[in-house]
Amino acid sequence: MEQRLLVIEDSKPIARVIGQIGKALNFQVTVATTLAQVEEILQGDTEFFAATIDYSLPDANYGEAIDCVLSHGIPGVVMTGKMDDDTRQDILARPVIDYIPKENSQAFLYLKRILHSQQTNHQHGVLVVDDSSSARNHIVELLKRRNFSVFVAGNGVKALEVLKQQPGIKMVITDLEMPEMDGIELTNELRKLYPRDQLAVVGISGAENGLHSARFIKNGADDFLRKPFCPEEFYCRITQNIENLSNIEQIKKAASTDFLTGLANRRAFFHDADIKLNEYIKHKTPYCLAMLDIDLFKGINDKYGHDAGDHVLKVVALYMRKHLGKGSLARLGGEEFAVLLTGEDEDQLFEKLDDFRREIAVAQIAYDQQHISVTVSLGAIFNSRQSLARQLHLADNALYLAKENGRNQIATSEVDE
């Protein structure tokens, strides 16, 4: 279901820009220019994911629209042209997502970041560790405004237990002074278990001693906040650390993914397949390793063009996901693919591969008002105890035989123990 964004703004140019930002994030946008319009809209319809709220409207000069929106349980980001401290304090006294001064174009880039994070933050678990329930609840409330999935623990020992039970946690916010295991000890333990690219750690303390920030950082924390902190600083630091983790995850994914098909690339397949192969052999799990190749692929490029060839590669990858999706799938390069697949027995595994081959053979791949026919050849080896490199060599030899014997077929290799 499409998420909806309520844009409350009396400036048509600004409302247009915010509307474009909302549409770029796949929001359905509704615009209101006065408090009266907002009240009319919300009388019969409050199903909005979020709202952007102009602080000053023609019929509401002092943020009355903020209270109206929040009273209906709609999270709000305040946009304001006023920069004085009284206005800032007035806005922050309300449970808003954030406020953004309308100073320049950066304001709208920041708004896009905020709205996007509201859409995705539920994917990120944050663990709040503090023995003070009031301090813990305050941080939890701030995090929930930003749609994070929040977990709590009263000390370091309990925090480690929660982390074992909740693998989706991406950040730990820990107080310094706690019974059983304090924040420094917890941070040290966390870094023994979780590298920086998997878990962010933010230390907090109300102690006056300025050395605590350095102690946290030296023991593996990524950031530090001194209590009492203002919501703005809290959100900036939390958002920055979550974005850093997301950026690292995207870089790692790009490094292990074939850009064209979205399957694993050669390096990632070799790494993952080697680990899985050892597990299959150890537990005597029935499996097969197969190499597959699109027949006469050069002819497709020559006849229809390289863009058509790229499209065929993408479609073959889609069929692989459909028939072999529970296995490890990869494009090794060019028109060559690999799959490591488990099943009930050798016959069932062979049938899965053959179902994939047969469906490709009868498919008509549509491209640019043309229909392209393709076939694939496969070489497979079943339940071998050889190394990955040896099995790939044997599967590749079997693939060569399949092509020599007429293509569009599966050839199998004998297991050489």
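The values are calculated or read from the model by the stated rules, or taken from the named source; none is laboratory data. Model, not experiment: these values are computed from the prediction. No Cβ is skipped: glycine too gets one built from the backbone with ideal geometry, and neighbour counts run over all protein chains shown. Please note that ligands, DNA and RNA were not included when accessible areas were found on the heavy atoms of the full protein model with its side chains. Shrake-Rupley method; radii C 1.70, N 1.55, O 1.52, S 1.80 Å.
For the criterion of being open to solvent by 50 Å² or more (accessible area, probe 1.4 Å), under 24 Å from SER105 (Cβ atoms) and in a helix (DSSP H, G or I), VAL17 passes. Take the residues of segment 137-168 that are open to solvent by less than 10 Å² (accessible area, probe 1.4 Å) and closer than 30 Å to ILE74 by Cβ: which is farthest from the chain's Cα centre (by Cα)? Per the stated criteria, the residue is ILE139.
Count of segment 30-54 residues, restricted to those that are buried (at least 17 other Cβ atoms within 10 Å of the Cβ) and in contact (Cβ under 8 Å) with a residue 40 or more places away in the chain, is 7. Given the conditions (1) modelled with pLDDT under 95; (2) farther than 21 Å from ASN147 by Cα; (3) open to solvent by less than 70 Å² (accessible area, probe 1.4 Å), which single one is not true for GLU208? Failed condition: (3).
Looking at HIS124, HIS116, which one is in contact (Cβ under 8 Å) with a residue 24 or more places away in the chain, open to solvent by less than 40 Å² (accessible area, probe 1.4 Å) and closer than 30 Å to VAL172 by Cβ? Spell out how you get there, then give the answer.
Values: HIS116 fails: open to solvent by less than 40 Å² (accessible area, probe 1.4 Å).
Only one candidate passes the filter, namely HIS124.
Evaluation of LEU349 against the conditions (1) buried (at least 21 other Cβ atoms within 10 Å of the Cβ); (2) within 24 Å of ARG385 (Cα to Cα); (3) in contact with a helix residue (DSSP H, G or I) (Cβ under 9 Å, 6 or more places away or on another chain); (4) of a type outside the set (D, E, K, R) shows that the sole unmet condition is (3).
Is it the case that GLU359 is exposed (fewer than 14 other Cβ atoms within 10 Å of the Cβ) and modelled with pLDDT of 95 or more?
Details: exposed (fewer than 14 other Cβ atoms within 10 Å of the Cβ): yes; modelled with pLDDT of 95 or more: yes.
Considered against the rule, which asks whether it is exposed (fewer than 14 other Cβ atoms within 10 Å of the Cβ) and modelled with pLDDT of 95 or more, GLU359 comes out as yes.
Taken over segment 8-36, the criterion of being more than 19 Å from ARG113 (Cβ to Cβ) and touching a strand residue (DSSP E or B) at 6+ places or on another chain (Cβ under 8 Å) is satisfied by ILE8, ASP10, SER11, ALA15, GLN28, THR30, VAL31, ALA32, THR33, THR34, LEU35.
Of ARG94, ARG113, all but one fail to be closer than 25 Å to PRO231 by Cβ and part of a loop (DSSP other than H, G, I, E, B); the exception is ARG94.
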